[in-house]
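Report on one structure; see the data block that follows.
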Amino acid sequence: MQNVRKDATLHNGFEDNLEPVTALNLQECKTVDDLLRRMKNSSFEARKIGEAADILEEMFEKKECYTVLTLSGALTMAKMSLIFTELIERGWVDAVVSTGALIAHGFIASSGMTHFKYNWDMDDKKLYELGYDRVYDTLELEKNFMDASMLIDNIFGKEEYDGKSLGSWEICEIIGKHLHDASAESSLLKSAYEKKVPVYIPALNDSELGLDLISLRYSTRRSDRPKVKITHDAFADVLDFAKRFSKQETAGIFTIGGGVPRNWAQQIGPFLELKYDISNPDRKFPRYHYGVRICPDPVTWGGLSGCTYSEGTSWGKFDSDGKFSEILVEATAVLPFLVKALMERFDAKEKRPGNAKNGNNGKK
């Protein structure tokens, strides 16, 4: 078979302005940021992590960029919560969309209760009998849930909330104020309350927190339970988020995991364009121009958790000319390094001559 390639036609890469990959020299890495900057010139998921750091840096630095953090999985139980408070307290996040379970586990921990390691020789039937609920390799205590339920009763079992219809961001704000007043420990809801960052829980009923609020209204199991009728208004959540989002020039999304929080946050563009402001069809609304996703789900399963940002462009959720990085790794293995690198990067900027420290170390 004739070889159609001729030596004279074979390109060397440089003449086509291709960017070479380079060896990852750990001797040159003095900080986590050094490591990620060099990973950007390697391959596979390492390159994506390095590129993600640059995208997040630009997203966090732009004052006009409305940044949405979406969270799924039991990441507060996995002790990632202080990473989220870091993002909030530095002014890098404008809104949080989360699963209810993640918020419930975080509330338990921030209220002084403890989670424990699971040992692989433990029997799940025995764990049930002892009141231990397993999440992979970590144990939540049924007693924690009971104590947290009593706290929710104390927080919301007041006459001022009777008959109130509350959005999930309002429920989270009330809990955040309680933590602000009662605890010196940092926590997601406490930091969000202090920084006025709304926290939305689209599937509130799918969590211990939601069940506690339902029980507060309907349960007859305990005679000492306050008789307070609170309603969660899920429609109000969407409208509040839409109101905030529609005022923005541009937006970015930091997606940890997938599930309901991811799609709920992403659907805002199509909602505003097609459903909400139908009186003014020519009005332009922001799309997500930046996106970083950390989730191991593959696109081939066909589910929302694994779909690419490019696929979301076909729905009108993302700018086609945006900047995106998608890291197909379980979040706890990547998130600490990524955020630590950004902390080092922004802290170094603060120390440069002529840079006045603003107290937020971010865009706010």
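The values are calculated or read from the model by the stated rules, or taken from the named source; none is laboratory data. All of these numbers come straight from a predicted model, not from anything done at the bench. All Cβ positions, even for glycine, are placed from backbone atoms using ideal geometry, and neighbour counts span all protein chains on display. With ligands, DNA and RNA removed, areas are computed over all heavy atoms of the protein, side chains included. Shrake-Rupley method; radii C 1.70, N 1.55, O 1.52, S 1.80 Å.
Does Ser111 satisfy the criteria of being open to solvent by less than 50 Å² (accessible area, probe 1.4 Å), within 30 Å of Glu344 (Cβ to Cβ) and among the small types (Gly, Ala, Ser)?
no
Could you tell me which numbered condition Tyr161 fails, if it satisfies all but one of (1) crowded, with 17+ Cβ neighbours inside 10 Å; (2) under 18 Å from Leu102 (Cβ atoms)?
(2)
Tell me which residues, restricted to segment 29-43, are among the hydrophobic types (A, V, I, L, M, F, W, C) and in a helix (DSSP H, G or I).
Of everything in segment 29-43, those that are among the hydrophobic types (A, V, I, L, M, F, W, C) and in a helix (DSSP H, G or I) turn out to be Val32, Leu35, Leu36, Met39.
For Glu129, are the conditions met, namely being over 23 Å from the mean Cα position of the chain (by Cα) and open to solvent by 10 Å² or more (accessible area, probe 1.4 Å)?
Answer is yes for this residue.
In the list Glu58, Glu15, which residue meets the criterion of being modelled with pLDDT under 95 and assigned to a helix (DSSP H, G or I)?
Glu15
Considering Phe254, Phe241, Phe235, which residue is part of a strand (DSSP E or B) and either open to solvent by 20 Å² or more (accessible area, probe 1.4 Å) or touching a residue at least 24 places away in the same chain (Cβ under 8 Å) (or both)?
Phe254
For Trp92, all conditions in the list (1) over 17 Å from Arg293 (Cβ atoms); (2) assigned to a loop (DSSP other than H, G, I, E, B); (3) open to solvent by less than 60 Å² (accessible area, probe 1.4 Å) hold save one; what is the number of the exception?
The single condition Trp92 does not satisfy is (1).
Which one is nearest to Arg47 (Cα to Cα) among residues in segment 293-330 that are assigned to a helix (DSSP H, G or I) and open to solvent by less than 10 Å² (accessible area, probe 1.4 Å)?
Here the residue is Tyr309.
Looking at segment 220-228, can you tell me whether even one residue there is touching a Pro at 6+ places or on another chain (Cβ under 7 Å) and either open to solvent by 40 Å² or more (accessible area, probe 1.4 Å) or not β-branched (Val, Ile, Thr) (or both)?
No, segment 220-228 contains no residue that is touching a Pro at 6+ places or on another chain (Cβ under 7 Å) and either open to solvent by 40 Å² or more (accessible area, probe 1.4 Å) or not β-branched (Val, Ile, Thr) (or both).
Listed residues Leu102, Leu139, Leu166; which is in contact with a Lys or Arg (Cβ under 9 Å, 6 or more places away or on another chain) and at pLDDT 95 or above?
Leu139
Which members of segment 20-66 meet the condition of being among the small types (Gly, Ala, Ser), farther than 24 Å from Val93 by Cα and either in contact with an Asp or Glu (Cβ under 8 Å, 6 or more places away or on another chain) or open to solvent by 60 Å² or more (accessible area, probe 1.4 Å) (or both)?
Ala23
Among the candidates Leu189, Leu209, Leu216, single out the residue that is touching a strand residue (DSSP E or B) at 6+ places or on another chain (Cβ under 9 Å), part of a helix (DSSP H, G or I), in contact (Cβ under 8 Å) with a residue 40 or more places away in the chain and buried (at least 17 other Cβ atoms within 10 Å of the Cβ).
Being touching a strand residue (DSSP E or B) at 6+ places or on another chain (Cβ under 9 Å), part of a helix (DSSP H, G or I), in contact (Cβ under 8 Å) with a residue 40 or more places away in the chain and buried (at least 17 other Cβ atoms within 10 Å of the Cβ) holds for just one of Leu189, Leu209, Leu216, which is Leu189.
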